[in-house]
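This report refers to the structure that appears directly beneath it.
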Amino acid sequence: MPELPEVETVRGGLAPVLEGRRLVRVEARRPDLRFPFPGNFVQVLTGATVVRLERRAKYLMARLDREDTLVMHLGMSGRFEISRPDGSGGGAARPGDFHYAPAPDPKHAHVVFETDEGVRVTYYDPRRFGYMALVNTATLELHPWFAALGPEPLSEAFDAARLKAAFKGRKQGPKTLLLDQRIVAGLGNIYVCEALHRARISPFKPAGKIPATKLGPLVEAIRDVLAEAIRAGGSTLRDYAQADGALGYFQHSFRVYDREGRPCPNTGCHGVIHRQVQAGRSTFYCPVCQK
């Protein structure tokens with residue numbers, strides 16, 4: 001499932017063609033994705049201008065010049081494709097080609113947005129776990145999807161003190177707690193594995209027993225791995241020169257994720273990366289240096 005850096009990459013790829021543009025045509029080719037589309041979905045969006053494209057946790061949010069915000073979640077397989085009317089940029093671009101992502105199939109093209117510049121943005125979703133909704137902008141933060149979310153991990157509100165309070169007395173491992181969106185918003189399995197490895201903290205150690213001195217470095221590791229992933233994902237999105245929409249994939253820089261059996265890359269460590277299922281998800285870690 002796309003995580004925060006991938007969603008931010010998609011936001012960065014879509015912003016140049018959507019922000020400030022009017023949606024002259026909107027087509028919903030089916031009545032639902034994971035959830036049904038609002039009954040007035042096409043009517044509200046047609047003619048609306050996208051004032052700003054934002055991200056909150058793993059949600060994309062298109063602020064409109066109307067009372068509503070278009071909220072979009074990519075689910076497990078949601079992807080966008082951008083097509084320009086004159087074919088400039090070498091053809092279609094796909095902002096956010098993810099790890100193991102298949103090529104989009106036209107039969108999975110479920111929503112089409114066309115702007116006043118003639119740019120077409122098509123949403124594909126083979127598994128249809130993604131969803132879109134119109135939410136009143138004035139009460140957006142009170143919506144059930146957002147009301148309980150913790151701070152953004154790249155914001156100043158996320159710090160060692162917050163982790164200390166969240167971890168206090170907890171027997172669960174830090175990975176489990178960092179995936180709790182009420183503690184910090186937007187973190188997912190891949191980047192939590194990566195950050196814990198950088199901070200040399202075991203994903204299985206009871207969080208309440210992690211020394212306070214390790215929490216500051218963990219916060220910095222989380223920020224670093226996210227920032228590096230965003231830079232890698234967005235590095236080729238300034239234009240759409242590549243016909244296949246290829247991006248600078250961060251998966252080429254994974255240190256532990258999907259690297260079972262390979263040597264640990266931490267300096268001075270001679271361990272080997274292990275994989276263990278934890279709360280139904282694969283955890284990749286080094287049992288030697290992650291204590």
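The values are calculated or read from the model by the stated rules, or taken from the named source; none is laboratory data. A quick note: this is a predicted structure, and the numbers were derived from the prediction, not measured. Neighbour counts are summed over all protein chains in view; Cβ atoms, including those assigned to glycine, are modelled from backbone coordinates with ideal geometry. Accessible surface areas use protein heavy atoms only, side chains included; no ligands, DNA or RNA. Shrake-Rupley method; radii C 1.70, N 1.55, O 1.52, S 1.80 Å.
Quick notes on this structure:
- Toward the positive end of the charge dipole of the stretch 98-186, with +1 on the Cβ of Lys and Arg and -1 on the Cβ of Asp and Glu, the farthest Cα among V184, F129, G118 is that of V184.
- Gaussian network model of the chain, springs between alpha carbon atoms under 10 Å - residue of V112, V277, V51 with greatest fluctuation: V277
- Taking the helices alone, the chain has a mean residue ellipticity at 222 nm of -6500 deg cm²/dmol, built from -39,500 (n - 2.57) per DSSP H run of at least 4 residues and averaged over all its residues.
- When you work out D = kT/(6 pi eta Rh) for the stretch 4-85 at 20 °C and 1.002 mPa s, using the Kirkwood radius from C-alpha pairs as Rh and the Stokes-Einstein form, the result is 159 µm²/s.
- Probe 1.4 Å, accessible area per residue of the chain, Å²: 45
- Considering only the chain, percent of DSSP beta bridges that pair antiparallel, nearest 5: 100
- For the stretch 145-241: rounded, prolate or oblate by the Cα gyration tensor [a/c cutoff 1.5]: prolate
- Per residue, the average separation of C-alpha pairs within less than 8 Å and at least 6 apart gives the chain a relative contact order of 19 percent.
- Cβ charges +1 (Lys, Arg) and -1 (Asp, Glu), total dipole of the chain, debye: 1360
- Using distinct alpha-carbon pairs, which all enter the 1/r mean, Kirkwood radius of the chain in Å: 20.2
- Each of the peptides 11-23, 34-46 was scored by the mean count of other Cβ atoms within 10 Å over its residues; in descending order, highest first, they stand as 11-23, 34-46.
- Phi-based couplings in Hz for the stretch 200-208 (Karplus 6.51, -1.76, 1.60; Gly and Pro marked x): 6, 10, 5, x, 9, 5, x, 4, x
- Positive-pole candidate from F284, G13, G271, dipole of the chain, charges at beta carbon: G271
- Cys residues of the chain counted as unpaired, since no other Cys beta-carbon is under 4.7 Å: C193
- Local electrostatic count at V42 - Lys and Arg +1, Asp and Glu -1, tallied over other residues with Cβ under 15 Å: +1
- Total lysine pairs in the chain at Cα distances under 28 Å, for residues eight or more apart or on different chains: 28.
- Efficiency of FRET between R22 and T267 - r from beta-carbon atoms, R0 51 angstrom, step 0.05: 0.45
- By accessible area, using a 1.4 Å probe on protein heavy atoms only, the stretch 111-232 has 53% of its surface on carbon and sulfur.
- Screening the chain for DSSP H helices whose Cα atoms reach 18 Å or more along their own axis and whose mean Kyte hydropathy is at least -0.5 gives 4-18, 215-234.
- Solvent-accessible area of D180 with every protein chain in place, 1.4 Å probe, in Å² to the nearest 10: 30
- Distances between placed amide hydrogens fall under 5 Å for I183 paired with G150, all partners being 5 or more residues away or on another chain.
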